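Below you'll find the structure, written out as structure tokens, and then a few comments.
The values are calculated or read from the model by the stated rules, or taken from the named source; none is laboratory data. Predicted, not measured: the structure shown is a model, and the values here were computed from it. Neighbour counts run over all protein chains shown; Cβ positions are idealised from the backbone, glycine included.
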């Protein structure tokens, strides 16, 4: 099977669009076979452009996406430590997020706060939204270059300290630690935390608190290009609107928030700086409407993603590794 490449109207840099050159080769098997055969082409395209959008292929079922995602990422990872509410629908295949549709999700590199973040992430448009609901993407090399130099230097020098509080009940504020780690066995969780350089504390009510320090920027693992790579803008309390922010702080206290981010030395990241980072991410983002059957492959280090608000039906699937 051959493909033809192009660009989306208005977006000449990212994503690279790959479509079947012939209408006879549009099946799941065709796409999976291409991804396996042309693994080097995909790798080089991702290193250069950061994102490849496969469009015009016939993917209708979760099983079909499973096959394609495993062709793009042979070893899929579970969503351990994941913040977003998701449903596991296959073998390490999940819904992209079940966060309320009236809120947009700020752009982020998936699991960039973990010790071993996934190198790639794959999205599939299982049910296209009719009203907005885009998955905006942004080149983190560009964000690195456009950050105010003083702020960029702080993230480079200090990194990010991530603080998380997870309840241990069937219901509570945010996800429980059992949902975060996909187990109810404390010993399994503790082993994972130690292996991944995460400090932790169990509270009397079964709540788990964790702290970890990760980088704020990184050289790309293959190309060496410096890029923005962290999730401080998503974890920081300023990501919550003012009314709900006050309610959270009043209820939990600043030290016991579900998530919060500091500089790596424990000093606060100024609210204005976090707001400026979010604004830069959104202003530099590429927006395009989903088309039924789309498969979007991202280099998770070079490209951050988010979600726009929407109404009506929408189902985007995701796999990573």
Task: Flag for residue 81 being in a helix (DSSP H, G or I) and either touching a helix residue (DSSP H, G or I) at 6+ places or on another chain (Cβ under 7 Å) or surrounded by fewer than 18 Cβ atoms within 10 Å (Cβ to Cβ) (or both) - done: no
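Looking for something out of contact with any strand residue (DSSP E or B) (no Cβ under 9 Å at 6 or more places or on another chain) and at pLDDT 95 or above - is there at least one such residue anywhere in the stretch 77-85?
Going residue by residue through the stretch 77-85, those that are out of contact with any strand residue (DSSP E or B) (no Cβ under 9 Å at 6 or more places or on another chain) are 80.
Restricting the remaining residues to those that are at pLDDT 95 or above gives none.
No, that holds for no residue.
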- [ ] List every residue pair whose Cβ atoms sit under 6 Å apart, with the two residues 6 or more apart in sequence or on different chains, where the first one lies in the stretch 36-58 and is in contact (Cβ under 8 Å) with a residue 60 or more places away in the chain and the second, anywhere, is buried (at least 19 other Cβ atoms within 10 Å of the Cβ) and part of a helix (DSSP H, G or I).
- [x] 52/45; 57/31
Open item on the list: Need pairs with beta-carbon distance below 9 Å; first residue at pLDDT below 95 and within the stretch 223-245, second part of a loop (DSSP other than H, G, I, E, B) and surrounded by fewer than 17 Cβ atoms within 10 Å (Cβ to Cβ); sequence gap 6+ or separate chains.
Closed with: 241/103
Open item on the list: I'd like to check something: does the stretch 267-290 contain any residue that is in contact with a helix residue (DSSP H, G or I) (Cβ under 9 Å, 6 or more places away or on another chain), assigned to a strand (DSSP E or B) and crowded, with 16+ Cβ neighbours inside 10 Å?
Closed with: no
Open item on the list: Looking at the stretch 179-199, can you tell me whether even one residue there is modelled with pLDDT of 95 or more, out of contact with any helix residue (DSSP H, G or I) (no Cβ under 6 Å at 6 or more places or on another chain) and assigned to a strand (DSSP E or B)?
Closed with: yes
Task: Yes/no for residue 59 being within 24 Å of residue 74 (Cβ to Cβ), in the same structural domain as residue 297 (by TED's automatic domain parsing), touching a strand residue (DSSP E or B) at 6+ places or on another chain (Cβ under 7 Å) and modelled with pLDDT of 95 or more - done: no
TODO: Give 106, 87 a once-over and let me know the one that is closer than 28 Å to residue 166 by Cα, buried (at least 18 other Cβ atoms within 10 Å of the Cβ) and either in the same structural domain as residue 20 (by TED's automatic domain parsing) or in contact with a helix residue (DSSP H, G or I) (Cβ under 6 Å, 6 or more places away or on another chain) (or both).
DONE: 106
Task: Any pair with Cβ under 9 angstrom, 6 or more apart, that starts in the stretch 174-187 at a residue that is at positive phi and not assigned by TED's automatic domain parsing to the domain that holds residue 251 and ends at one that is surrounded by 14 or more Cβ atoms within 10 Å (Cβ to Cβ) and modelled with pLDDT of 95 or more - done: none
Task: Unmet criterion (only one of (1) assigned by TED's automatic domain parsing to the domain that holds residue 158; (2) more than 17 Å from residue 106 (Cα to Cα); (3) in contact with a strand residue (DSSP E or B) (Cβ under 6 Å, 6 or more places away or on another chain)) for residue 250 - done: (3)
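Is it the case that residue 169 is more than 18 Å from residue 261 (Cα to Cα), outside the structural domain of residue 89 (by TED's automatic domain parsing) and assigned to a loop (DSSP other than H, G, I, E, B)?
Values: more than 18 Å from residue 261 (Cα to Cα): yes; outside the structural domain of residue 89 (by TED's automatic domain parsing): yes; assigned to a loop (DSSP other than H, G, I, E, B): yes.
Yes.
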Task: Set 205, 196: member being within 21 Å of the chain's Cα centre (by Cα), over 30 Å from residue 48 (Cβ atoms) and either touching a residue at least 12 places away in the same chain (Cβ under 8 Å) or surrounded by 14 or more Cβ atoms within 10 Å (Cβ to Cβ) (or both) - done: 196
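Give me the residue from the stretch 111-150 that is touching a residue at least 24 places away in the same chain (Cβ under 8 Å) and surrounded by fewer than 16 Cβ atoms within 10 Å (Cβ to Cβ) and, out of that set, nearest to residue 98 (Cα to Cα).
Within the stretch 111-150, the subset touching a residue at least 24 places away in the same chain (Cβ under 8 Å) is 111-144, 146-148.
Now restrict to residues that are surrounded by fewer than 16 Cβ atoms within 10 Å (Cβ to Cβ): 115-116, 127, 130-131, 146, 148.
Details: 115: 25, 116: 24, 127: 14, 130: 17, 131: 17, 146: 31, 148: 33 Å.
Top of the filtered list is 127.
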- [ ] Sort through 228, 211 and tell me the only one that's touching a helix residue (DSSP H, G or I) at 6+ places or on another chain (Cβ under 7 Å) and within 25 Å of residue 97 (Cβ to Cβ).
- [x] 228
